[in-house]
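Asks: Quick one: structure below, then a few questions.
The values are calculated or read from the model by the stated rules, or taken from the named source; none is laboratory data. Because the structure is predicted, anything quoted here is derived from the model rather than measured. Cβ placement follows ideal geometry from the backbone for every residue including glycine, while neighbour counts extend to all protein chains displayed.
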Amino acid sequence: MLEALIEPLSSGFMQRALAIAILVGLLCAVVGSYLMVQRLALLGDAISHSVLPGLAIAFMLGANIYIGAFIAGVVSTMAIAWIRVRSPIKEDAAMGIVFSAFFALGITLITVIQKDNKIDLNHFLFGNILSVTIDEVRHTAIIAAIVLTVVFLIYKELLFYTFDPLGAQAAGLPVNLLNFGLMLLIALTIVASMTTVGVILVLSLLITPGATAYLLVKRLNQVMILGAVIGVISSISGMYLSYYYNLPSGPAIVLVVSGFFLLALLFSPKHGVLIPSGNKK
């Protein structure tokens, strides 16, 4: 058993895959905890789909695709806010409109690129953790360091804003700035996760570890820590499943983390569906 875990790590591509699995599992769980608590899963979905046209345009221009994807994610959040403020359209409808339009544009541009270039950009849609390069690991590490540092520095402010936005505003906190900052952190997290699980499946890694932890612990910091553990284990497990059974890595990671959620949903001491109500703590 131990040999089956250690032997693949003699290969450079598996070492890179392990590094990025740990980084992305940790990053998605921490940032996704805020999304899950604020019930903004659809926003994460909107941003994840919206990065595609930026990625494609950056590739066409020969620019850094990570920067292009991040810019597209920021533009999409600004578009959602603009529609919500300037029209009677509700925020959830604005998210649906923006992410579907951006996603359609991204798919169209990628199709055009692939007609003229023999290059496969589909791994950005579904992820391929076993094919990450050292540059991608470096970029992900830089993004993870930035995001986690910001979360650490403004943890109390984000905590207050997350659970009581009106109280945070009354206390004089810059709630609009905090909201926009959280959107930027989400966009950065999605960009960092593109090559691991892809933009289509990244929402699962953002939401599911935190949701699983939420069924087991109470405090947000506990949800983040336990969610990070679940996210990292799920990413590493999906990596090994992809290696040994020739499975697509993104779906493999999502299936593992979904399995953890199902176990928590069924057997959580406090919320477990199969736990008798008299025995729930």
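Asks: From Ser237, Ser249, grab the single residue that is under 15 Å from Phe126 (Cα atoms) and under 20 Å from the mean Cα position of the chain (by Cα).
Replies: The match here is Ser249.
Asks: Sticking with this structure for a sec: Is there any pair with a first residue in the range 266-281 that is at pLDDT below 80 and a second that is of a type in the set (A, V, I, L, M, F, W, C) whose Cβ atoms are under 7 Å apart and which are 6 or more apart or on different chains, and what are they?
Replies: From the range 266-281, the pairs are His271/Leu215.
Asks: Return the residues of the range 178-226 that are touching a residue at least 24 places away in the same chain (Cβ under 8 Å) and outside any helix (DSSP H, G or I); say none if nothing qualifies.
Replies: Hits for the range 178-226 are Leu215, Leu216.
Asks: Assess whether Leu130 counts as being farther than 15 Å from Ile20 by Cβ and part of a helix (DSSP H, G or I).
Replies: No; evaluated as a whole, the condition is false for this residue.
Residue by residue, here is whether (1) among the hydroxyl-bearing types (Ser, Thr, Tyr); (2) under 13 Å from Met183 (Cα atoms); (3) surrounded by fewer than 22 Cβ atoms within 10 Å (Cβ to Cβ) holds:
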| position | (1), (2), (3) |
| --- | --- |
| Ile6 | no, no, yes |
| Tyr34 | yes, yes, no |
| Gln38 | no, yes, yes |
| Phe59 | no, no, yes |
| Gly62 | no, no, yes |
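Asks: For the range 93-124, name all the residues that are crowded, with 21+ Cβ neighbours inside 10 Å and either of a type in the set (Lys, Arg) or within 16 Å of the chain's Cα centre (by Cα) (or both).
Replies: Selection gives Phe99, Phe124.
Asks: Moving on. Which numbered condition in (1) at pLDDT below 90; (2) more than 20 Å from the chain's Cα centre (by Cα) is the only one that Leu40 fails?
Replies: (2)
Asks: Quick one: Asn221 ticks every box in (1) surrounded by 23 or more Cβ atoms within 10 Å (Cβ to Cβ); (2) modelled with pLDDT under 95 except a single one, so which number is it?
Replies: Against the list (1) surrounded by 23 or more Cβ atoms within 10 Å (Cβ to Cβ); (2) modelled with pLDDT under 95, Asn221 comes up short only on (1).
Asks: Only one of Val51, Val24 is β-branched (Val, Ile, Thr), under 11 Å from the mean Cα position of the chain (by Cα) and surrounded by 24 or more Cβ atoms within 10 Å (Cβ to Cβ). Can you tell me which?
Replies: Criteria check complete, one pass: Val24.
Asks: Out of all the residues in the range 121-157, which are farther than 27 Å from Gly68 by Cα and not acidic (Asp, Glu)?
Replies: Tyr155, Lys156
Asks: Residues that are out of contact with any strand residue (DSSP E or B) (no Cβ under 9 Å at 6 or more places or on another chain), under 20 Å from Pro53 (Cα atoms) and modelled with pLDDT of 85 or more: does the range 127-137 have at least one?
Replies: Yes, that holds for at least one residue.
Asks: Filtering the range 64-92 down to residues that are surrounded by fewer than 16 Cβ atoms within 10 Å (Cβ to Cβ), assigned to a helix (DSSP H, G or I) and not acidic (Asp, Glu), which residue is modelled with the lowest pLDDT?
Replies: Looking at residues that are surrounded by fewer than 16 Cβ atoms within 10 Å (Cβ to Cβ), assigned to a helix (DSSP H, G or I) and not acidic (Asp, Glu), I get Val85.
Asks: Checking the conditions here, which among Pro165, Pro248, Pro209 is modelled with pLDDT under 90 and under 20 Å from Gly44 (Cβ atoms)?
Replies: Pro165
Asks: On the given criteria, is Ile253 among the β-branched types (Val, Ile, Thr), surrounded by 15 or more Cβ atoms within 10 Å (Cβ to Cβ), out of contact with any Asp or Glu (no Cβ under 9 Å at 6 or more places or on another chain) and within 20 Å of Gln15 (Cα to Cα)?
Replies: yes
Asks: Also: Please count how many residues of the range 125-149 are of a type in the set (A, V, I, L, M), surrounded by 13 or more Cβ atoms within 10 Å (Cβ to Cβ) and over 22 Å from Gly44 (Cα atoms).
Replies: Residues meeting the conditions: 3.
Asks: Here's another thing I want to ask about it. Kindly establish whether Ala104 is out of contact with any Gly (no Cβ under 9 Å at 6 or more places or on another chain), farther than 24 Å from Thr140 by Cα and modelled with pLDDT of 90 or more.
Replies: In short, yes.
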